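Novice: Below: one structure in structure tokens.
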Amino acid sequence: MKLDLQVYRGYVNDDELIIFGHVFKSWAPDKYQADRKGFKHAFAVLHMFRISPLKNVEVQLRFKNLEVTTRTMDDGYFRFTVPFTEKLESGWHEYQVICKLDEVNYGIVENAELLKPYKSELSIISDIDDTFLISHSGNIFKKLYVMLARNVNKRKIFDDVAKHYAALSNSGHKEKGKSNSFFYVSSSEWNLYDFIVQFTKLQELPKAVIKLKDIKTGISDFLTTGGGNHDHKFVKIKDIISFYPKQQYVLLGDDSQHDAYIYERICKIFPLNIKAVYLRQTKRSSKRKIADTLKNIERMQVATCYFRNSSEAISHSKKLGIIVD
């Protein structure tokens, strides 16, 4: 049996390490290139959703002096949440995951990176679709068309997003190479992980830990990509803040889905951790319910900005002192 393995960017604090990934029969989604042209690109996207995860397969993590083994869940997903108290410099570090079905079949080895945040007062958690990546989430037919017709090189971000994110990343750091930590949390599925990594690199957006929705395994699932319940975003954001509880956070999202309500819940649970909430207005008119939700967030002493253009968000961040000229 052929075997494939996909591992994602992990993260670590002074006490614990978290690594996650998937094991697949035959090919992982990242084997279908996101930069093909025309019909080849459309077929590649569809193939990303025609995958077969393998359950209960043994995987081994190797990092520094740590070697630990676990097994995959029913959807091929695995996660290592293990104690880790070795002294580790801040920044990105490479780790290795090994998977082997049995003594007869060849195993596979994949490398990825994990983040030890630099000492800072600020971390940033951002949505992806229609927050920085133009996705048309409010129109499912247009969204699917864009995904199938435009490869990673033709997809666009909103004006001044890269400028705002770079300023947030560098805020409070004068020493070259140091930055604030970024986390991208989205309702896009793990199938699109490699596309997101490539896209953010092409657009020169901050390197981030990426957390996505449960993997999809069929063409019919592709038709509902990014939809459905968004509670997983709340859980993932809560986990990040709980993992780094001494940090202040800036939350960025948009008004096309449920970001406002998720961020409101987060502010209620972590009343001292949220510095500001930014929501992009995706239509010509603002939404009354979104505006009312942001007013309630402000009552919890959290700054908010409901903006159409990222230049407005930049001005707000400067006035708040989150970024400086």
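Novice: Among K207, K246, which is the only one that is without any contact (Cβ under 8 Å) to a residue 12 or more places away in the chain and not small (G, A, S)?
Specialist: K246
Novice: Here's a follow-up. Can you tell me how many residues within the range 1-51 are of a type outside the set (F, W, Y), without any contact (Cβ under 8 Å) to a residue 40 or more places away in the chain, touching a strand residue (DSSP E or B) at 6+ places or on another chain (Cβ under 9 Å) and over 29 Å from D239 (Cα atoms)?
Specialist: 4
Table: residues versus (1) polar (S, T, N, Q); (2) in contact with a His (Cβ under 9 Å, 6 or more places away or on another chain); (3) assigned to a loop (DSSP other than H, G, I, E, B).
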residue	(1), (2), (3)
F20	no, no, no
L46	no, no, no
N56	yes, no, yes
Q60	yes, no, no
T69	yes, no, no
T85	yes, no, yes
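Novice: For the range 262-273, check the following and say yes or no: at least one residue is within 22 Å of K142 (Cβ to Cβ), among the polar types (S, T, N, Q) and in contact (Cβ under 8 Å) with a residue 12 or more places away in the chain.
Specialist: No, there is no match, as no residue in the range 262-273 is within 22 Å of K142 (Cβ to Cβ), among the polar types (S, T, N, Q) and in contact (Cβ under 8 Å) with a residue 12 or more places away in the chain.
Novice: Output the qualifying pairs, or none if there are none: Cβ atoms under 6 angstrom, residues six or more apart or on different chains, first residue in the range 276-296 and within 20 Å of D159 (Cβ to Cβ), second residue surrounded by fewer than 21 Cβ atoms within 10 Å (Cβ to Cβ).
Specialist: Y278/C305; Q281/R308
Novice: Determine if the range 92-111 includes at least one residue that is in contact with a strand residue (DSSP E or B) (Cβ under 8 Å, 6 or more places away or on another chain), part of a loop (DSSP other than H, G, I, E, B), open to solvent by less than 30 Å² (accessible area, probe 1.4 Å) and closer than 25 Å to F195 by Cβ.
Specialist: No, the range 92-111 has no match at all.
Novice: Which numbered condition trips up Y184, out of (1) among the aromatic types (F, W, Y); (2) buried (at least 22 other Cβ atoms within 10 Å of the Cβ); (3) modelled with pLDDT under 95?
Specialist: (3)
Novice: OK, next. Does V59 meet the test of being in contact (Cβ under 8 Å) with a residue 12 or more places away in the chain, within 30 Å of T225 (Cα to Cα), open to solvent by less than 10 Å² (accessible area, probe 1.4 Å) and among the β-branched types (V, I, T)?
Specialist: yes
Novice: Do we find that Y261 is assigned to a strand (DSSP E or B) and more than 18 Å from K246 (Cα to Cα) in this structure?
Specialist: No, not satisfied.
Novice: Among all residue pairs at least 6 apart or on different chains, which show Cβ distances below 6 Å where the first residue, located in the range 304-320, is at pLDDT 95 or above and the second is open to solvent by 20 Å² or more (accessible area, probe 1.4 Å) and aliphatic (A, V, I, L, M)?
Specialist: L320/A303
Novice: Consider the range 191-221. How many of its residues are in contact with a Lys or Arg (Cβ under 7 Å, 6 or more places away or on another chain), open to solvent by less than 30 Å² (accessible area, probe 1.4 Å), more than 22 Å from L168 (Cβ to Cβ) and outside any loop (DSSP other than H, G, I, E, B)?
Specialist: Residues meeting the conditions: 1.
Novice: For the range 162-176, check the following and say yes or no: at least one residue is more than 22 Å from K319 (Cβ to Cβ) and hydrophobic (A, V, I, L, M, F, W, C).
Specialist: No - not one qualifying residue is present in the range 162-176.
Novice: Within the group F270, F234, which residue is more than 23 Å from S310 (Cα to Cα), under 18 Å from the mean Cα position of the chain (by Cα), of a type in the set (F, W, Y) and open to solvent by 10 Å² or more (accessible area, probe 1.4 Å)?
Specialist: F234
The values are calculated or read from the model by the stated rules, or taken from the named source; none is laboratory data. Fair warning: this is a prediction, and the values are worked out from it, not measured in the lab. Here the Cβ is made from the backbone with ideal geometry for all residues, glycine too, and neighbour counts use every protein chain on show. Please note that ligands, DNA and RNA were not included when accessible areas were found on the heavy atoms of the full protein model with its side chains. Shrake-Rupley method; radii C 1.70, N 1.55, O 1.52, S 1.80 Å.
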